[in-house]
Amino acid sequence: MAKRQLRLTKVALAVIAATLCFVKAPASADEIITLNPRSGVTQTVLLWQPSPSDPQVILLVFPGGGGNVGFETANGKVVARTAYLFSRQRDLLERPEVAVAVIAAPSDQPDMDSEFRRSARHFEDMAAVVRDLKSRYPKARLVLLGHSRGTVSAAYVAEVLGDRVAAVILMSGFYDRDPAARRWTFGVRLRRAADPSLDRAPRQGSVPDQPFRSRTEADGALSGDRR
């Protein structure tokens, strides 16, 4: 009887072990990072989980449209009121070596239009975001990914940050028509800011050919000096 019970116990343990192989552990809840880059303004960033402890790359995603995706916690899970690129296809970006962070509109901007995305206020917000992410992952390279109107943010932030950005990816970007050159132009000198630049499906937009902050001002903002 004892031997039979021992055999049954071993069989039961084997079945449990085999079952657990097919059961996925529950995913960690995404983290909402809340920052106060300007007086009275809250800037939220969604950090996908599970996030690697020592990633090679920080992928900072700028959603399109007004950018007001509205991150909130419901039933212990972080959800976005408005879908954004890759929000329903996270497996396309999730990699063990990549930490993915997604920008939302700041509290004083229900709609981030192109003018705001080119402004010093927006760069001040993004400088705070970059400082926070780099403090978490100091060895990781920074890659910016913009979609649709988010390409305005990605391009201008990359222009100001310069070699702090390893690469910038523009998807369905906002472009200007240059009649003299008979081609579409983006307006910022991305070669100086990042190399390589990946682009998909250009279309007409409104991005002037000037950065919204000087490199000196950018350096001060990134170091926390707001003079």
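Computed from the coordinates by the stated procedures, all read-outs in this text should not be read as laboratory data. Since the structure is predicted, the reported quantities are computational estimates derived from the model, not experimental observations. No Cβ is skipped: glycine too gets one built from the backbone with ideal geometry, and neighbour counts run over all protein chains shown.
Using the Karplus equation 6.51 cos²θ - 1.76 cosθ + 1.60 (θ = phi - 60°), what ³J(HN,Hα) coupling, rounded to whole Hz, does each residue of segment 127-141 give in order, writing x for Gly and Pro?
4, 5, 5, 5, 4, 5, 5, 5, 5, 6, 10, x, 8, 7, 7
Sort ILE103, ILE32 so that the residue with the fewest other Cβ atoms within 10 Å of its own Cβ comes first and the one with the most comes last.
ILE32, ILE103
What net charge do the residues around ASP113 carry, taking every other residue with its C-beta under 14 Å from that of ASP113, with Lys and Arg at +1 and Asp and Glu at -1? Can you show the working numbers first?
Working: positive: ARG117, ARG118, ARG121, ARG149; negative: ASP108, ASP111, GLU115.
Cβ neighbours under 14 Å give a net charge of +1.
How many angstrom lie between the C-alpha centres of segment 41-65 and segment 81-156?
Comparing the Cα centres of segment 41-65 and segment 81-156, I get a distance of 7 Å.
Neighbour counts of other C-beta atoms within 10 Å: give me LEU60, LEU133 arranged from fewest to most.
LEU133, LEU60
State whether segment 26-128 is rounded, prolate or oblate according to the following rule on the C-alpha gyration tensor (a ≥ b ≥ c being the square roots of its eigenvalues): a/c under 1.5 gives rounded; otherwise a/b larger than b/c gives prolate, and the remaining case gives oblate.
Judged from the Cα gyration tensor, segment 26-128 comes out prolate (a/c at least 1.5, a/b above b/c).
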